[in-house]
1. Rounded to the nearest 5, what % of DSSP beta bridges with both residues in segment A:148-272 are antiparallel?
2. Once the label point is set 7 Å along the Cα-to-beta-carbon vector, what list of distances in nm do you get between B:MET301 and its counterparts in the other copies?
3. Which distance in Å, rounded to a whole number, links the C-alpha centroids of segment A:272-313 and segment A:127-144?
4. Which whole number gives the average count of other chain Cβ atoms within 10 Å of the Cβ atoms across peptide A:308-314?
5. Restricting to the protein assembly as shown, compute how many DSSP beta bridges are antiparallel as a %, nearest 5.
6. Just to be sure I understand: with springs between alpha-carbon atoms less than 10 Å apart, which residue in A:GLN18, A:GLN180, A:GLN196 has the highest mean-square fluctuation in the Gaussian network model of chain A?
7. Other chains near B:195-202: what is the mean number of their Cβ atoms within 10 Å of each residue's Cβ?
8. Order B:218-228, A:82-92 from most to least packed using the mean count of other Cβ atoms within 10 Å.
Number of protein chains: 2
Amino acid sequence: MPVETINWKNGKIRYIDQTLLPHKVRFVDCSNVRKLWRAIRCLEIRGAPAIGIAGALGAALIAAKSKARSSRALVREVENGVKYLASSRPTAVNLFWALSRMVCLARSNSSLPVRDLKDLLIGEAMEIIDEDKASCRAMARHGAKFVKSGDAILTHCNAGGLATADYGTALGVLFEAKKQGKRIKVYADETRPLLQGARLTAWELLNEGIDTTLICDNMAASLMAKGKIDKIFVGADRIASNGDAANKIGTYGLAVLAKYHKVPFYVVAPLSTFDFDIKTGRDIPIEERPGDEVRSIMGKMIAPPNVKVYNPAFDVTPRRLITAIITEKGVYKKLSTK
Amino acid sequence: MPVETINWKNGKIRYIDQTLLPHKVRFVDCSNVRKLWRAIRCLEIRGAPAIGIAGALGAALIAAKSKARSSRALVREVENGVKYLASSRPTAVNLFWALSRMVCLARSNSSLPVRDLKDLLIGEAMEIIDEDKASCRAMARHGAKFVKSGDAILTHCNAGGLATADYGTALGVLFEAKKQGKRIKVYADETRPLLQGARLTAWELLNEGIDTTLICDNMAASLMAKGKIDKIFVGADRIASNGDAANKIGTYGLAVLAKYHKVPFYVVAPLSTFDFDIKTGRDIPIEERPGDEVRSIMGKMIAPPNVKVYNPAFDVTPRRLITAIITEKGVYKKLSTK
């Protein structure tokens with residue numbers, strides 16, 4: 001059973017604070033858009049689909065709490081709140097997709113009574129959650145076809161239940177393969193700087209009884225050289241029209257290593273992760289995060305405090321290095337090599 | 001000025017405890033071979049040439065402290081101590097090279113009076129230190145020819161003053177280039193799990209006033225894709241007869257990435273790092289270290305305590321991925337490209 005990362009409970013947003021995992025599973029009730037913004041910014045809520053859901057729930061929260069007496073005023077409040085939430089993180093397009101879906105719905109229903117418009121927006125956020133659940137299951141079914149019994153699979157960062165409304169994108173595929181009775185062994189990259197692989201992916205995989213081995217990011221190449229990795233599955237934060245995919249920093253390097261070692265490299269992401277407004281990965285804005293995320297780990301300094309740091313949160317894997325992109329609607333295979 | 005990582009002081013071995021850097025520079029006086037074994041094992045002393053020196057000084061220490069009344073008994077003590085020290089870490093061949101040099105010298109001078117044999121062994125350890133200093137300077141001169149003003153250089157782990165008796169192998173090249181007035185910018189991989197790049201390399205580079213940027217290991221590929229890395233310089237722990245080089249885990253992956261991005265990849269190591277008894281990198285024993293080095297960082301757990309871990313300390317870069325091996329005697333360039 002996947003954990004419920006984020007949902008709507010008694011007029012508030014209830015989410016798991018992912019920064020405390022795997023040591024503590026703490027649910028936070030959030031009824032404040034500023035707090036939600038910070039939760040996204042600080043990765044208490046993370047994972048592209050989950051961030052999208054957080055955005056949709058944020059818009060619903062603004063509507064639910066609004067004291068607006070006209071629907072036009074309510075729409076304006078939602079527009080402003082959505083603009084604010086959109087400034088929390090720049091790369092995962094699911095956030096903008098969900099926010100713009102909420103705003104469009106509000107605008108095109110501004111003639112409804114305030115009460116009805118509020119219900120409509122809350123209902124839409126719930127609909128987005130339901131769609132994400134269905135997407136996860138569909139991606140998992142499509143993806144599991146690529147997994148054979150006996151496979152050793154590498155994954156990077158966390159593309160699991162914590163990143164979605166259900167059991168994940170890349171990890172969903174693995175959970176589904178296991179459910180189908182396939183024996184798999186999973187290597188999880190720890191994923192510096194914020195260690196989503198060590199903290200979240202390892203935790204989720206162990207919870208599902210999957211044979212899991214944690215490695216440092218720089219150990220993957222050595223495993224590939226030894227023929228110990230059969231396939232790689234990762235998620236994505238934004239996919240350009242041409243199939244270039246932004247995902248957690250380190251993904252691109254893995255894809256190059258996969259090509260060199262002839263290991264199939266799969267990206268698993270719902271269609272809400274596609275950005276058809278941009279042509280290639282060059283147009284994807286890459287978030288740079290504070291240097292102290294690298295200089296320190298869990299509050300402990302690991303480097304000279306005055307050293308400069310380069311800390312991009314994502315990198316872009318060109319389409320030519322991706323064996324297939326697995327979505328809820330089907331699988332896009334590589335058309336040409338190079 | 002390089003720090004003095006390890007030396008002989010008043011009949012004891014004085015070394016910097018590298019596990020405390022960069023926060024504390026603590027010198028430890030060691031007059032006990034068990035303590036020295038632990039210091040090597042736990043990376044208080046680390047870096048292939050420095051481990052070699054530690055081995056030589058260990059043999060000298062055994063001799064200096066010996067109560068043997070015959071030289072034959074002294075030789076036996078040295079033999080036993082050396083065997084014990086050889087069990088501290090398996091990969092860096094400099095340790096075995098230095099230990100066997102000390103034992104051979106002891107054996108072939110077993111006819112000397114005890115006092116003279118002791119002095120001879122202590123003198124030999126000092127000689128090994130002096131040779132390493134001269135090697136560092138010679139490697140640096142040879143290597144600096146490959147550095148141009150304006151270069152951005154990536155390095156992995158620590159191949160600096162802390163790893164040698166002087167200012168290092170790979171880092172020695174950079175220090176020399178700077179002394180020659182070349183403007184360089186250095187990216188230091190943090191080097192999980194034990195963070196030698198973040199803790200030691202960043203500290204050494206900043207001490208020498210070099211423009212230094214710390215990155216997580218998984219960020220190097222993204223920098224290469226952006227054309228931001230001109231060259232890579234790393235050290236080595238053991239080089240096979242065919243030129244395959246074992247170095248800190250993550251080096252092989254960098255070499256593959258360098259090939260893909262057409263970035264020259266240099267290994268800098270003294271001849272004492274070569275193992276002419278083995279043909280290829282396949283014969284190099286790779287140390288696997290405790291899982292808790294990955295599960296925790298600076299004493300803080302970062303993963304579920306029950307997750308399995310794969311923690312090899314080194315990987316092997318095949319000769320074909322190395323642009324040149326820079327030694328104190330000259331430079332071995334790549335003869336053929338794949």
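1. 20 percent
2. The answer, with the shortest distance listed first, is 2.8 nm.
3. Using only Cα atoms, the two centres lie 28 Å from each other.
4. 6
5. DSSP beta bridges in the protein assembly as shown are roughly 50 percent antiparallel.
6. A:GLN180
7. Values: counts 3, 0, 2, 10, 4, 1, 2, 8.
Per-residue shielding by partner chains comes out at 4.
8. B:218-228, A:82-92
Computed from the coordinates by the stated procedures, all read-outs in this text should not be read as laboratory data. Just so you know, these numbers come straight off a predicted model, no measurement behind them. Ideal geometry is used to build each Cβ from the backbone, glycine not excepted, and the neighbour counts take in all protein chains shown.
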